[in-house]
1. Looking at (1) over 15 Å from the mean Cα position of the chain (by Cα); (2) surrounded by 15 or more Cβ atoms within 10 Å (Cβ to Cβ); (3) on the phi < 0 side of the Ramachandran plot, which is the only condition GLY92 fails?
2. When only residues in segment 111-131 that are loosely packed, with under 13 Cβ neighbours inside 10 Å and hydrophobic (A, V, I, L, M, F, W, C) count, which is farthest from ILE95 (Cα to Cα)?
3. If we scan segment 39-55, do we find a residue that is of a type outside the set (Ser, Thr, Tyr), modelled with pLDDT of 95 or more, in contact with a Ser or Thr (Cβ under 8 Å, 6 or more places away or on another chain) and not in a helix (DSSP H, G or I)?
4. Would you say LEU15 is closer than 14 Å to VAL126 by Cβ and either outside any strand (DSSP E or B) or touching a Ser or Thr at 6+ places or on another chain (Cβ under 7 Å) (or both)?
5. Suppose we filter segment 25-69 for residues that are of a type in the set (Asp, Glu) and within 20 Å of GLU125 (Cα to Cα); how many remain?
6. Quick one: would you say THR32 is over 26 Å from ALA113 (Cα atoms) and either assigned to a loop (DSSP other than H, G, I, E, B) or touching a Lys or Arg at 6+ places or on another chain (Cβ under 7 Å) (or both)?
Amino acid sequence: MNIALISATWHADLLQIASGSCKEALGASATTMDFTVPGALEIPLFAQTLAQTGKYDAIIAFGLIVDGGIYRHEFVADAVISGMMRVQLDTGVPIFSCVLTPRHFDESEERIAFFRDHLIMKGGEVGNACLKMLAALNRLGVDSGPFATAKS
């Protein structure tokens, strides 16, 4: 299986922890290709572009959308998740989210340690979810990828 991993560059050090844990969960079952985008809002378009190539069985996105005090981060999170959902429904390529919206994010040493531990767990969870979904599609006789069709 070929899996694309897209990470936003904001808080890249934390997101690398999640993607590393995801890769461990995927293990030898998948070949991964890493991509970066400037921020979380760019994830859906990039995921769509990757899905349309037909090269990937699934796409996993990593991002942190934090309350920066300028706008409501909930709107950004909704746009990103809705965009990723639209991409997977339009292309037939499963898109998985490790795009998180931590409440009261701050960069104190104690909170960063908490987020590191949490991202290790979430990275593993998204990797396992990807494997389970691709196995479920396989049992249905459905190839993932653009223009997925049931096998006869």
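1. The failed condition is (3).
2. My answer is ALA113.
3. No, there is no match, as no residue in segment 39-55 is of a type outside the set (Ser, Thr, Tyr), modelled with pLDDT of 95 or more, in contact with a Ser or Thr (Cβ under 8 Å, 6 or more places away or on another chain) and not in a helix (DSSP H, G or I).
4. yes
5. Selection size over segment 25-69: 2.
6. Judged against the criteria, THR32 is a match.
The values are calculated or read from the model by the stated rules, or taken from the named source; none is laboratory data. Please read these numbers as outputs of a predicted model, since none were measured by experiment. Note that we place each Cβ from the backbone using ideal geometry, even for glycine, and neighbour counts take in every protein chain shown.
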